[in-house]
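Please read the structure below before turning to the comments.
The values are calculated or read from the model by the stated rules, or taken from the named source; none is laboratory data. None of the values given here were measured: they were computed from a predicted structure. Cβ placement follows ideal geometry from the backbone for every residue including glycine, while neighbour counts extend to all protein chains displayed. These area figures cover heavy atoms from the full protein model, side chains too; ligands, DNA and RNA do not enter into them. Shrake-Rupley method; radii C 1.70, N 1.55, O 1.52, S 1.80 Å.
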Amino acid sequence: RLTLDDPVGQILEPGGHIYIALDADEPIGCCALIPMEHSVLELAKMAVAEHYRGHGIGRRLLGYVIMQAKAHGATRLYLETNSRLTNAIHLYESVGFRHVPPERVTPSPYARADVYMEMFL
């Protein structure tokens, strides 16, 4: 049984979803959707294994997760990242995420977050 002490439990227990990209049986990427409020999901924990970066895996995974968010009835996706992750920020911008104006940013539970983005679906 998962608990809220467990990071996976923190995603799944409130109704979130975890998506894993596979190459054969090898996990090579992941991304999660976490409920925030009615029809708003946080896109979180997106990562691609270093050896697979630069091959479009992140873009394909992100596209799939956005499609799943729509299927779950989300009208807005929100994410937090770090300004050092320039490739990730560029990817998010290229699929339609926009920076949240500073006056709308709320305190983050992620210590390293300094970039806040959203996408209306």
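Kindly indicate whether ARG53 is over 21 Å from VAL8 (Cβ atoms), at pLDDT 95 or above and open to solvent by 60 Å² or more (accessible area, probe 1.4 Å). Judged against the criteria, ARG53 is not a match. Once segment 92-103 is narrowed to residues that are under 19 Å from LYS45 (Cα atoms) and outside any loop (DSSP other than H, G, I, E, B), the residue that is least open to solvent (accessible area, probe 1.4 Å) is TYR92.
What about THR106, is it surrounded by 16 or more Cβ atoms within 10 Å (Cβ to Cβ) and polar (S, T, N, Q)? Criteria not met by THR106. Counting just the residues of segment 62-88 that are over 16 Å from GLU42 (Cβ atoms) and under 12 Å from the mean Cα position of the chain (by Cα), which one comes out most open to solvent (accessible area, probe 1.4 Å)? Only one residue tops the list, namely TYR64. Within segment 29-38, does at least one residue satisfy the condition of being farther than 21 Å from PHE120 by Cα, assigned to a strand (DSSP E or B) and either touching a His at 6+ places or on another chain (Cβ under 6 Å) or of a type outside the set (D, E, K, R) (or both)? The answer is yes; a qualifying residue exists.
Considering (1) outside any helix (DSSP H, G or I); (2) β-branched (Val, Ile, Thr); (3) under 19 Å from VAL105 (Cα atoms), the lone condition that ILE89 does not fulfil carries the number (1). Residues that are within 24 Å of VAL115 (Cα to Cα) and touching a Pro at 6+ places or on another chain (Cβ under 9 Å) are absent from segment 51-64 altogether. Screening GLU26, GLU13 for residues that are surrounded by 12 or more Cβ atoms within 10 Å (Cβ to Cβ), among the charged types (D, E, K, R) and modelled with pLDDT under 95 leaves exactly one candidate, GLU13. Restricting attention to segment 109-121, the residues that are open to solvent by less than 70 Å² (accessible area, probe 1.4 Å) and of a type in the set (D, E, K, R) add up to 1. Go through the residues of segment 86-102 one by one and say whether even a single one is under 19 Å from VAL8 (Cα atoms) and in contact with a helix residue (DSSP H, G or I) (Cβ under 8 Å, 6 or more places away or on another chain). Looking through segment 86-102, none of the residues is under 19 Å from VAL8 (Cα atoms) and in contact with a helix residue (DSSP H, G or I) (Cβ under 8 Å, 6 or more places away or on another chain). For segment 12-24, a residue qualifies if it is under 23 Å from GLU50 (Cβ atoms) and touching a residue at least 12 places away in the same chain (Cβ under 8 Å), and the qualifying residues are ILE18, TYR19, ALA21, ASP23.
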